[in-house]
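K.L.:
Here it is: the structure, laid out below.
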């Protein structure tokens, strides 16, 4: 019996949704649990999340963020304090009604997000201008009772970070809101090789309780958009609801201005759907748990494992793995391709004789014969090249799938036949936004910071346009 | 008005419990939340937890541990699968009974610990001897509905790590159980400067569902013991309950053998109560969020801040902070003492003129005048010395508060008058253990690996003794 890995996955062109599900299972990113919508993140999936956490946390701390931990429960009375916020979240929360064998006097909700808890804390610990700003963040899990769920993209419980800040002035809060969106987008481009469109959400799409929500939107391989991180400016709305005041330098009482911002495990879904192919995951080197895998060929032959081990040592500052398991080389190739390992080095007796190794790129499939003397430098450079090329390729794909529409007919035709972003002008009215969803099947992704004038008039009603909007079908 | 910090805390000799509570609040480790027993871990407290996490996680991974994330909810039917386990935990769990606006068909408990979830996972993903061992761990929060709570020591929700492993053989499971206890104890001694007694729990004190529980016990400043980390061998009990089987090399079906082990934020309580003093926290350099604080004296004077900045730069690989806030030096001294910063450097115009600085140790209060030319090396060496001295001091304190008793009268007298560990022989019977609790007020902490023969007979019933036990009053 040949030692072949039975890892065939559905082709992405045939059924993108099934391709996605196949990858998350076959690459051992997740396992389903006994509770619908709750997923188990397996070691390989969690290693990706750990890499994301480490890098984002580093970037946060560079901007002065401090980490904290808040309780996972929110008393119902606290959740109810800010009207818009509770209306947005109450329908999808889980309630703890019993504890320690007794029925609770007040229900506790399992946090769907923690604005109310941070506000409660700030109302206690902020008193003077000297206490500001507060720039807190926590890494935790949150629960939202979703009806339809998909691994990483939409689940009942998911992991994320939520930053919550309090500032003396409106300007400072706005600055922090945009700063964090930029931290997210830079991280996504530089670390995950995913180009982002940054912009502001329409009022319809903004966060429950926010004055303004900013977002970064990525385009998946199938032409659908994924909201990948958001940053909200709350103004002083929560401060009024929770009575968060400070004494300014003139000894006058002022309300604070607040922000919050979050990125979740959802972004692992973006990595899969932006970079993956029909052989499985394709990981950008920076986030890959294993960056280089060495596969010995005829590993029992004299000198093969020794040479492989030497190569490993020469690259030991990278995340490098020598796969000397008793599987066949073909099995190992398929296995590590499924896991998206950026670079594979093949080394066998013949290669050693000729003083070279074969180096394969996961992203392009390209194989190169490289002299053993140059291998170390070659691999280091190749990882940088792959990281750069993957971002470039994703950008090209996005740009090639970004269209412009100046009227409803054009927009309908594009939406029906060409999956991707549609740039079109908008009058700013909710009616047109609703109509586009109903008639064309697209939602507003954002009003990008980089505005263009596609035409003078709203793509829907024809009245004078106020802004250019990215529209699309979204996860 | 003098700029004095109003940080007076209760003296530990007067009221140890109040001293503890004062420290956790005044050192800004925690804030109470609106839910009884749920604490907010503030930036300074969380930074200590992050240091613990980082170091423990590194040590775990060196032994082959892989991190995962499991759902926070456990369906009631799953919790009920292992009889002893559910009996131990069911009384103190929180139940989610409503979600998404509807009453759930099956209650979900918020995890008090995740044995059942890991077992469910292993039953799905373990099939062959090739899949073993599984050495998984997760960092998360858990909930236990405690009646009386104290910050870090006993709270309704707390942070921890829980490792869960599955092995092919009984021997391998036992080896892993002890290995992890050793990882914990080495970490506690080397990183937290807390000496540990390692041993096995009596059947009365073992974990619900375990064959054997191993523990490390530390002695606090007030002579009470704190269970600081446990490691459990489950044998194949859970494997039978959850049907976790694998095919061995001879193609025979076998049950796996399992372990679990955990350390929680409770250990922060140990740091406080082992090292703290009447001026606040005293942190071992390795775990201190700030290792060195530089306090400029007359900082407006020419050259002071420049020299302070130069000193900071020369130590920039350490966690060093230059406090140039507009507070008085006295305020800063008290502030950083409260936070337990191991080393303080004072530098003013006079010092600069004389080419020296004043270096103060937090642990002893000792001040030394050090030439600026030697300062860098001096501080580096001093941090090592402090780390070593703190462990030594804690060990001496523990040894000086460890007593021996050979009969009930002696034991009662010691327990009443000399807070600390009591070493005494035990026959192995539950009746004597219960009697000692009732009559003497002590519980068995552990049967230490390092057994001694204090006498021939049980301290309680006088029958032939089976083992030497550490007894004490415990948190």
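Bear in mind that the values in this text are calculations on the coordinates, not laboratory data. This is a predicted model, so every value here is computed, not measured. Note that each Cβ is placed from the backbone with ideal geometry, even for glycine, and that neighbours are counted across all protein chains shown.
K.L.:
Just to verify a number: FRET efficiency for residue A:92 and residue A:367, C-beta to C-beta distance, R0 = 41 Å, to 0.05? Walk me through the numbers on the way to the answer.
P.N.:
Working: r = 49 Å, r/R0 = 1.20.
According to the calculation, E is roughly 0.25.
K.L.:
Over the alpha-carbon set of the stretch A:336-459, divide Rg by the Kirkwood Rh and report the Rg/Rh ratio to two decimals. Mind showing how you got there, number by number?
P.N.:
Numbers: Rg = 23.6 Å, Rh = 18.4 Å.
Reported Rg/Rh, Kirkwood definition of Rh: 1.28.
K.L.:
With an 8 Å cut-off on Cα pairs and a minimum separation of 6 or more residues, tell me the relative contact order of the stretch A:243-375 in percent.
P.N.:
So the answer I get is 23 percent.
K.L.:
Between residue B:396 and residue B:147, 0.36 nm times their residue separation minus their Cα-Cα distance comes to what? Mind showing how you got there, number by number?
P.N.:
Values: separation 249, 0.36 × 249 = 89.64 nm, distance 3.48 nm.
Extra length from residue B:396 to residue B:147 when fully extended: 86.2 nm.
K.L.:
Okay, moving on. Please work out the Cα center distance from the stretch B:22-39 to the stretch A:345-361, rounded to the nearest Å.
P.N.:
60
K.L.:
Cα centroid distance between the stretch A:109-168 and the stretch B:210-259, in Å?
P.N.:
About 35 Å separates the Cα centre of the stretch A:109-168 from the one of the stretch B:210-259.
K.L.:
A further question on this structure: Rg(Cα) of the stretch B:402-472 divided by 2.2 N^0.38 Å? Walk me through the numbers before you get to the answer.
P.N.:
Details: Rg = 10.4 Å, N = 71, 2.2 N^0.38 = 11.1 Å.
Compared with the compact-globule rule of thumb, the stretch B:402-472 sits at 0.94.
K.L.:
Next up: Assuming R0 = 56 Å, can you tell me the calculated FRET efficiency for the pair residue A:374 and residue A:463, based on Cβ-Cβ distance, to the nearest 0.05? Show your work: numbers first, answer last.
P.N.:
Details: r = 64 Å, r/R0 = 1.14.
Approximately 0.30, to the nearest 0.05.
K.L.:
Defining the label point at 7 Å along Cα→Cβ, can you sort the distances from residue B:36 to the same site in each other copy, shortest first, in nm?
P.N.:
3.7
K.L.:
Give me D for the stretch A:292-382 in µm² s⁻¹, whole number, from Stokes-Einstein with Rh from the Kirkwood sum over alpha-carbon pairs, 20 °C and 1.002 mPa s. Could the numbers behind the result be given before it?
P.N.:
Numbers: Rh = 12.9 Å.
In µm²/s, the coefficient rounds to 166.
K.L.:
Still on this model: What nm distances, shortest first, do you get from the label point of residue A:366 to those in the other copies when the point sits 7 angstrom along Cα to Cβ?
P.N.:
Those separations, rounded to one decimal, come out as 6.3 nm.
K.L.:
Rg and Dmax in Å for the stretch A:81-228, alpha carbons only: what are they?
P.N.:
17.6, 51
K.L.:
Let me ask something else about it. Looking only at Cα atoms, what is the convex hull volume of the stretch B:258-338 per residue, in Å³? Write down the numbers at each step before the final one.
P.N.:
On the way: hull volume 8.7 nm³, N = 81.
Expressed per residue, the convex hull around the Cα atoms of the stretch B:258-338 is 107 Å³.
K.L.:
To continue, here is another question. Using only alpha carbon pairs under 8 Å that are at least six residues apart, calculate the relative contact order of the stretch A:402-472 and give it in whole percent.
P.N.:
Values: 144 pairs, mean separation 29.6, N = 71.
Dividing the mean separation by the residue count of the stretch A:402-472 yields 42 percent.
K.L.:
If you build the convex hull over the alpha carbons only and average its shadow over all orientations, what do you get for the stretch A:16-275? Give it in nm² to one decimal.
P.N.:
Values: hull surface 59.1 nm².
So the mean shadow area of the Cα hull is 14.8 nm².
K.L.:
Relative to the other copies, what are the label-point distances for residue B:434, with labels 7 Å from Cα along the C-beta vector, expressed in nm at one decimal and sorted shortest first?
P.N.:
Ordered by increasing distance: 7.1 nm.
K.L.:
When each pair of different Cα atoms in chain A is counted once in the 1/r mean, what is the Kirkwood radius in angstroms, to one decimal? Spell out each step's value before the answer.
P.N.:
Working: mean 1/r = 0.0406 Å⁻¹.
Hydrodynamic radius (Kirkwood, Cα pairs) of chain A is 24.6 Å.
K.L.:
Three principal axis extents, largest first, for the C-alpha atoms of the stretch B:17-165, in Å?
P.N.:
Each principal axis gives a Cα extent; for the stretch B:17-165 these are 54, 44, 31 Å.
K.L.:
For residue B:169 and residue B:21, FRET efficiency with R0 = 56 Å and r from the beta-carbon atoms, rounded to 0.05? Walk me through the numbers before you get to the answer.
P.N.:
Values: r = 47 Å, r/R0 = 0.85.
In this case the efficiency is close to 0.75.
K.L.:
Using the count of nearby Cβ atoms within 10 Å as a rough guide to exposure, how do A:375, B:305 rank from fewest to most? Intermediate results must be reported in sequence, preceding the final value.
P.N.:
Numbers: A:375 20, B:305 16.
Going from sparsest to densest Cβ surroundings: B:305, A:375.
K.L.:
Cα centroid distance between the stretch A:381-458 and the stretch B:271-333, in Å?
P.N.:
53
K.L.:
Taking 8 Å as the Cα distance limit and 6 or more residues as the minimum spacing, I'd like the relative contact order of chain B as a percentage. Can you show the working numbers first?
P.N.:
Values: 965 pairs, mean separation 66.7, N = 475.
It rounds to 14 percent for chain B.
K.L.:
Follow-up question, since we're still on this one. Between residue B:252 and residue B:437, what is the label-to-label distance in nm when each label sits 7 Å out along the Cα-to-Cβ direction?
P.N.:
4.1
K.L.:
Which whole-percent values make up P(r) of the stretch A:195-299 when all C-alpha to C-alpha distances are grouped in 5 Å steps starting at zero?
P.N.:
2, 10, 14, 15, 12, 10, 9, 8, 6, 5, 3, 2, 1, 1, 0, 0
K.L.:
Ignoring solvent entirely, what values of log10 I(q)/I(0) come out of the Debye formula for the protein assembly as shown at 0.04, 0.08 Å⁻¹ when each Cα is a single scatterer?
P.N.:
Relative scattering, expressed as log10 I(q)/I(0), comes to -0.22, -0.90.
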